[in-house]
1. In segment 25-42, which residues are crowded, with 18+ Cβ neighbours inside 10 Å and either within 11 Å of residue 72 (Cβ to Cβ) or free of Cβ contacts under 8 Å to residues at least 12 places away in the same chain (or both)?
2. Look at segment 48-63 and say how many of its residues are assigned to a helix (DSSP H, G or I) and over 15 Å from residue 28 (Cβ atoms).
3. Answer yes if at least one residue in segment 55-66 is modelled with pLDDT under 95, touching a strand residue (DSSP E or B) at 6+ places or on another chain (Cβ under 8 Å) and surrounded by fewer than 19 Cβ atoms within 10 Å (Cβ to Cβ), and no otherwise.
């Protein structure tokens, strides 16, 4: 199974989630950002889940996917010590 397929398979948004799409936006975002920044998808997924949780109480949930992506990109750009994703080839 590819890393992308593994990440997508782990996304289990529930119908009761308040975020549009049940948080399912996170799996494709994780794949995109892991490839773009060369970071292990598990690390991006963990960061994404943490960021998503920080918006749990937001009054307007419609913008949560955009805000999560923005915060994840900021974190990854800062180059904090993250596990590098091994090059595939």
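The values are calculated or read from the model by the stated rules, or taken from the named source; none is laboratory data. Since the structure is predicted, the reported quantities are computational estimates derived from the model, not experimental observations. Because the Cβ atoms are built from the backbone with ideal geometry, glycine has one as well, and the counts that use them run over all protein chains shown.
1. 26, 29, 30, 33, 34, 37, 39
2. Selection size over segment 48-63: 4.
3. No, segment 55-66 contains no residue that is modelled with pLDDT under 95, touching a strand residue (DSSP E or B) at 6+ places or on another chain (Cβ under 8 Å) and surrounded by fewer than 19 Cβ atoms within 10 Å (Cβ to Cβ).
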